[in-house]
Amino acid sequence: MDMRAANKNPINIIGAFKALIKGKSPGGEIVSSTCLVYVSDCVNDFFLSYDTMLDLGIVDRSFPTVGACTQSTPDEPETQENQQYVRSINSGCSSAQQGEHVCHCPQRESIPQRPSLLPFAAIPGNNGKMRDWLLVRYSKSTFNTCPHWPLPCMTGPPVEMHVDETAKPKTYHTAAPIPLHWQDQVLKDLERDEALGVIEKVPYGEPVTWCHRMVVTRKHDGSPRRTVDLSPLNRFCKRETFSAEAPFPLARRIPGKTWKTVTDAWNGYHSAPLRESDRYLTTFITSYGRWRYTRAPQGFLSSGDWYNRRFDAILSHFERKERCVDNHVTTMTTWRHTGGGPLIFYPHAEQQG
């Protein structure tokens, strides 16, 4: 196994074992985490991984986001606004099990009507109050990242897969192996995507035609990245080509010394519905069974074309904007323009520069 330190030097691994780590919270609650402990002759101390610290509640999922933690004292309870803020950047709740509603996330609802008047004056001094108001008002829609509830779909025709009629289906009957220390997390990710309505289990009695392999690779932080290799299908598909500009010329057009509203669509591709008759084409096999996509899969030849074309149509009436796939920026020379467009997706920040 190749493991490296922060300075890129290799760490020699001589063994590993599974351990249960327990601790007591300030309120007296016992918190535990099951993790894989690696033994190395290069290390003299015991280090907790990021995932283990998340499980134990030492850090939250926003770490190391600046401003995610409030400055309240232990005797001073958090306000509702601050709780909403932490929850909104905390990727919802940690469990995607339908029967384990241990979270307090609201049920997903449609976006409320745009207010006729802003609750505060649009001035830099009200940034904090405006942020908290937005997070509370849109907590059930835009900022609801709870994995218990299905994602809303973009309106319009679904994504279609135009497959050559002479194509010979590629079928895998054996799942690709998953490293032991990633297996629990990979299963949780599959269950999360199923709860979100992104994938569904293949119904009983449905024979296999196209069946791809799920491939798990390592992210830069050591966590698993789950992908489905759709390259055999892509070779026989036609694109609905839609041209999108490269990031550099887009960034060059953003004027300086302006107020900027930066947004990023959460699960952008997965808000695009896949035509029901094409779902069987995306079937993939795992150690836990067969699933198939109900939304546009990342890695499909034309998912980007469909998404970029629809997103461009949504933003067609916006002014002073640039977009790169699911990232969008609106520029404003004065604060009078701040309310000039509807709130969309996830407003990360408003900054001047």
* Asked: Can you find a residue in the range 3-20 that is without any contact (Cβ under 8 Å) to a residue 60 or more places away in the chain, within 21 Å of L180 (Cα to Cα) and in contact with a Pro (Cβ under 6 Å, 6 or more places away or on another chain)?
  -> yes
* Would you say V215 is surrounded by fewer than 18 Cβ atoms within 10 Å (Cβ to Cβ), modelled with pLDDT of 90 or more, in contact with an Asp or Glu (Cβ under 8 Å, 6 or more places away or on another chain) and among the aliphatic types (A, V, I, L, M)? -> yes
* How do the strands (runs of 3 or more DSSP E) wholly within the range 239-323 filter down when requiring 3 or more residues that are at pLDDT below 85 and more than 18 Å from the chain's Cα centre (by Cα): which remain? -> 259-264
* Might you let me know whether the range 257-280 holds any residue that is touching a helix residue (DSSP H, G or I) at 6+ places or on another chain (Cβ under 6 Å), closer than 20 Å to M161 by Cα and in contact (Cβ under 8 Å) with a residue 12 or more places away in the chain? => yes
* Asked: Do any residues in the range 229-256 that are closer than 26 Å to M214 by Cα have Cβ atoms under 7 Å from those of residues that are β-branched (V, I, T) and outside any helix (DSSP H, G or I), where the two are at least six apart or on different chains, and which pairs are they?
  -> D229/V215; F236/V163; C237/V163
* **Looking only at the range 285-313, and only at residues there that are in contact with a strand residue (DSSP E or B) (Cβ under 9 Å, 6 or more places away or on another chain) and among the aromatic types (F, W, Y), the one that is surrounded by the fewest Cβ atoms within 10 Å (Cβ to Cβ)** => W291
* Structure fact -> Scanning the range 120-144 for residues that are among the polar types (S, T, N, Q) and in a helix (DSSP H, G or I), the one modelled with the highest pLDDT turns out to be N126
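The values are calculated or read from the model by the stated rules, or taken from the named source; none is laboratory data. Remember, it's a predicted structure, so these values are computed and weren't measured experimentally. Every residue, glycine as well, gets a Cβ built from its backbone with ideal geometry; the counts of neighbours run over all protein chains shown.
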